[in-house]
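The values are calculated or read from the model by the stated rules, or taken from the named source; none is laboratory data. All of these numbers come straight from a predicted model, not from anything done at the bench. We place every Cβ from the backbone using ideal geometry, glycine too, and count neighbours over all the protein chains shown. For accessibility, only protein heavy atoms count, side chains too; no ligands or nucleic acids. Shrake-Rupley method; radii C 1.70, N 1.55, O 1.52, S 1.80 Å.
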Amino acid sequence: MRFYKRFQLFCDTTFQKRYFSQHETMMRWGAIYGYDRNKRKYSAYFRFLRFLFTKCKLMFIYRMWLMIRFICGKIDIPYMQIVVTTQCTLKCKDCHDLMPLFKKEQHYKGRLENITKDLKCLLDSVDSIMSVRILGGEPLLFKDLPKLIDYIKNEQKIKSFDIITNATIPISDDILHSLKDCYKARVIIDDYSKQVQSLKSQEKLHHIQTRLKQYDIRYFVLHWDTQKWFSTGEIKKANRTREQIAKNFLDCGMYCVSMIGNMGGSGNIFICPRATSMSKIYGINALKGDFVSLDSKNLKDDLRLFYKKTYFESCDYCGDMSKKKPIEAAIQLD
C-alpha cells in the first residue's frame, strides 16, 4: 500500500478508533507488561510506563509513536482473539459467543498445526500484536493448549497474551508448566460460581487460584455476581439497510477482532467472536465480505483496510445495539 493510501487510512475516524484507540485501551488494561519477561525488571518497568502514560496523561506520546510506525508502513495489531474450540462446559442463556446454539456436528475443534499455521501467516504480515487472547468455548478443553502456549510465548512479535477460563475444570500441570516463568502471560478467570450454584464450582475456583499462586502465574478474577453482561438481543437476521448495519456496528463499540480456523484450509479473521461463531452456525458464505482470509495474497493491505470497515453482515444478526442494556450474567439453561 502506497504512502498516500496509508495516509488516507490514518485520517479515517473509524480507523483511528479501531486501531490507535484500541492500542491505548490495551495499554490501560496492562498488556504492556508483555514487553519484559524478566520478572525482577518487570515490576518497576511496568509501573513506570503506566505512570508515565496514564497517570501523567501522556498517552498521546504512545499514540504518536504508533502513528509514525503506521505511516512508515508498519502494522501493529492491537488485539487478537484466537478461538481454539467452540465447546464449552457451561450453557449460558445469553452467551455472547452463541455457544448454546451450536449443534454437536457444528462445533469447531481447533487443531494445533492449523492454528500455528494461521498464526504464522498473520505474523509474517504484521510487525507486532500487542495482545492475544486464547478463548473458546472453554479453552482448557483444547488438548494441545500447552503446545500453543509454548508457541505463542516464544513469538517475539506477540507482546502479551492471556487465557480466559470459566474455572469449571482444573488447569493441567502441562499448562501450568508452560505458563510458569512466562511474564507476558496471564490467566483471566470468570467466576460464575453464584450462577452455577454448586459448592464444587467454588472449590474448583479456589483450587485453580491456589495452583496459579504456587506456580507464580499472574491472574485475576472477574466476579460476575456483582457485574453485568449486556444484552445483544435475539440472534436473527434483521434485514437492515447497509447504513443501519454500519450504525449498529458503531453503536456496539466492541472491536474485539477474532480469528478462527477452518478444517479444510486457512483460517479467517472476523470482527468479533460472535461473528466467528456465526460463520460456523450459518456457514461462511452467509458472511461473505465480513472477514480477512489468512491465505490472501494481499494480506497486509487487507488487514489495514479491515480496520476502516464499518459494514459487517454479521452485525445485522444482532439486536439494536443503541438500546443494549445490562443483564444478569451466565444464567444457565436447563
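Restricting attention to the stretch 125-158, the residues being buried (at least 21 other Cβ atoms within 10 Å of the Cβ), assigned to a loop (DSSP other than H, G, I, E, B) and more than 13 Å from the chain's Cα centre (by Cα) number 2. Within the stretch 5-23, residues that are under 14 Å from ILE68 (Cα atoms) have Cβ atoms under 7 Å from residues that are at pLDDT 95 or above and open to solvent by 70 Å² or more (accessible area, probe 1.4 Å) in these pairs: LEU9/LYS308, counting only partners at least 6 apart in sequence or on another chain.
For the stretch 60-74, indicate whether the set of residues that are closer than 29 Å to ASN262 by Cβ and touching a strand residue (DSSP E or B) at 6+ places or on another chain (Cβ under 9 Å) is non-empty. If you could, list the steps in order and put the result at the bottom.
Narrowing the stretch 60-74 to residues closer than 29 Å to ASN262 by Cβ: 74.
Keeping just the survivors that are touching a strand residue (DSSP E or B) at 6+ places or on another chain (Cβ under 9 Å) gives 74.
Yes, the conditions are met somewhere in the stretch 60-74.
LYS280 passes every criterion in (1) under 19 Å from GLY136 (Cβ atoms); (2) of a type in the set (Lys, Arg); (3) open to solvent by less than 20 Å² (accessible area, probe 1.4 Å) apart from (3). State yes or no: is ILE327 hydrophobic (A, V, I, L, M, F, W, C) and either open to solvent by 70 Å² or more (accessible area, probe 1.4 Å) or touching a Gly at 6+ places or on another chain (Cβ under 8 Å) (or both)? Spelling it out, it is not the case that ILE327 is hydrophobic (A, V, I, L, M, F, W, C) and either open to solvent by 70 Å² or more (accessible area, probe 1.4 Å) or touching a Gly at 6+ places or on another chain (Cβ under 8 Å) (or both).
I'd like to check something: does the stretch 174-191 contain any residue that is more than 16 Å from the chain's Cα centre (by Cα), at negative phi, part of a strand (DSSP E or B) and of a type outside the set (Val, Ile, Thr)? Within the stretch 174-191, one or more residues are more than 16 Å from the chain's Cα centre (by Cα), at negative phi, part of a strand (DSSP E or B) and of a type outside the set (Val, Ile, Thr).
Can you find a residue in the stretch 291-314 that is among the polar types (S, T, N, Q) and under 29 Å from TYR192 (Cβ atoms)? So far as the stretch 291-314 goes, yes, one or more of its residues are among the polar types (S, T, N, Q) and under 29 Å from TYR192 (Cβ atoms). Report yes if CYS272 is surrounded by 21 or more Cβ atoms within 10 Å (Cβ to Cβ) and out of contact with any strand residue (DSSP E or B) (no Cβ under 6 Å at 6 or more places or on another chain), otherwise no. No: the conditions fail for CYS272. When ASP174, ASP181, ASP216, ASP162 are checked against the criterion of being closer than 21 Å to ASP150 by Cα and open to solvent by less than 10 Å² (accessible area, probe 1.4 Å), ASP162 stands alone in meeting it.
Take PHE70 and decide whether it is touching a helix residue (DSSP H, G or I) at 6+ places or on another chain (Cβ under 7 Å), open to solvent by less than 60 Å² (accessible area, probe 1.4 Å) and either modelled with pLDDT under 90 or closer than 30 Å to GLY319 by Cβ (or both).
Numbers: touching a helix residue (DSSP H, G or I) at 6+ places or on another chain (Cβ under 7 Å): yes; open to solvent by less than 60 Å² (accessible area, probe 1.4 Å): yes; either modelled with pLDDT under 90 or closer than 30 Å to GLY319 by Cβ (or both): no.
Answer is no for this residue.
All of TYR219, TYR255 fail the test of being in contact with a Leu (Cβ under 7 Å, 6 or more places away or on another chain) and among the aromatic types (Phe, Trp, Tyr), apart from TYR219. Do we have any residue at all in the stretch 88-99 that's more than 21 Å from ASP162 (Cβ to Cβ), part of a helix (DSSP H, G or I) and open to solvent by less than 60 Å² (accessible area, probe 1.4 Å)? Checked the stretch 88-99: no residue is more than 21 Å from ASP162 (Cβ to Cβ), part of a helix (DSSP H, G or I) and open to solvent by less than 60 Å² (accessible area, probe 1.4 Å).
Each residue in the stretch 102-124 was checked for being surrounded by fewer than 23 Cβ atoms within 10 Å (Cβ to Cβ) and within 25 Å of LYS91 (Cα to Cα), and 9 of them qualify.
Close Cβ contacts (under 7 Å, 6 or more residues apart or on different chains) running from residues in the stretch 170-194 that are more than 15 Å from VAL221 (Cα to Cα) to residues that are open to solvent by 20 Å² or more (accessible area, probe 1.4 Å) and hydroxyl-bearing (Ser, Thr, Tyr) comprise LEU176/TYR215; LEU179/TYR215; LYS180/TYR215; TYR183/TYR42. Only residues that are surrounded by fewer than 12 Cβ atoms within 10 Å (Cβ to Cβ) and either within 30 Å of GLN197 (Cβ to Cβ) or of a type in the set (Phe, Trp, Tyr) (or both) were counted in the stretch 228-264, giving 2. Considering (1) β-branched (Val, Ile, Thr); (2) under 25 Å from LYS236 (Cα atoms); (3) in a strand (DSSP E or B), the lone condition that ILE164 does not fulfil carries the number (2). Restricted to strands (runs of 3 or more DSSP E) entirely inside the stretch 215-334, no element has at least 3 residues that are without any contact (Cβ under 8 Å) to a residue 12 or more places away in the chain and farther than 30 Å from ILE171 by Cα. Evaluating LEU112 against the criteria (1) of a type in the set (A, V, I, L, M, F, W, C); (2) free of Cβ contacts under 8 Å to residues at least 40 places away in the same chain; (3) closer than 28 Å to TYR62 by Cα leaves one unmet condition, (3). The residue of the stretch 48-74 that is farthest from PHE20 (Cα to Cα), among those that are hydrophobic (A, V, I, L, M, F, W, C) and in contact (Cβ under 8 Å) with a residue 40 or more places away in the chain, is ILE71.
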